[in-house]
Amino acid sequence: MSLYNRASASGRSPLDRNVEKTDREGLLPFFRKIHDQHTIDKLTFVCIGTDRSSGDSLGPLVGTMLKEQGFPHVIGTLTKPCDADHLVSYLERIPQDHHVIAIDACLGQQGSTGMFLTAREPLTPARSVGLALPSVGHYSVAAIVNERSPKPYWTLQMTSLHLVMTMAAHIANAAAAGFGLRAATPDFPDGYRFRY
């Protein structure tokens, strides 16, 4: 289960000034800044989640879309999810000279669903459900797919798949445009077809 438990989801986190809450418009500048500092061949995307829960499928959906866009180093796709059982072993395979961009779904405050938390720092998967997993990434994007509740597993299971797919497409589209793999467009990206 990949829950990202920031103190916040309302503007910048009071715990860390490197975290910014944004809509999809803020994703492109975030990825462009990373592109300005790192070449695509020295970056690895780690897309955390599972295909067994609608809310938690954001990571594997993004990973699949990033591979289809032409990113060479992507961990976590629909065919090979990077879930809690596989996270540590996958992280051990990342070359030492790579910078990591972590992608995950999270639950947020009321009214924040559909927003993104971007950060120049790692995220910690599954913290809000009590799992002890390592923090991941030099950079991170957490998509707020639903509101926090006393039953986070149930909330993720009941999350709109349409919302998750839309948010995943916005992340993948912004990353591809930010790294020059496709033109930036304000419209919803069309035609994601998943090849198995």
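The values are calculated or read from the model by the stated rules, or taken from the named source; none is laboratory data. Predicted model only: the values in this text are computed from it and were never measured. FYI the Cβ positions are ideal-geometry reconstructions off the backbone, even for glycines, and counts take in every protein chain you see. Quick note on the areas: whole protein, heavy atoms, side chains included, nothing else; ligands and nucleic acids left out. Shrake-Rupley method; radii C 1.70, N 1.55, O 1.52, S 1.80 Å.
Annotations for the structure displayed:
- Long-range amide H partners of residue 102 with built H, under 5 Å: 46, 138, 139, 140, 141
- Volume per residue of the C-alpha convex hull in the stretch 90-157, rounded to whole Å³: 90
- In nm, spacing of pseudo-spin labels at residue 20 and residue 182 (7 Å Cα→C-beta vector): 2.3
- Peptides ranked, highest mean first, by Cβ atoms within 10 Å: ranges 26-34, 40-48: 40-48, 26-34
- The stretch 26-171 - percent relative contact order, Cα under 8 Å, separation 6 or more: 27
- Debye intensity ratio I(q)/I(0), log10, the stretch 31-142, q values 0.12, 0.16, 0.19, 0.22 Å⁻¹ (C-alpha model): -0.38, -0.69, -0.99, -1.33
- Taken one residue at a time, the phi angles of the stretch 159-170 give Karplus couplings (6.51, -1.76, 1.60, θ = phi - 60°) of 6, 4, 5, 4, 4, 4, 5, 5, 5, 4, 5, 5 Hz. Gly and Pro are set to x.
- Whole-number accessible area per residue in Å² for the stretch 27-82, which is evaluated in the context of all protein chains at 1.4 Å: 38
- Sequence ranges 171-178, 90-97, 111-118, ranked by mean other-Cβ count within 10 angstrom, highest first: 171-178, 111-118, 90-97
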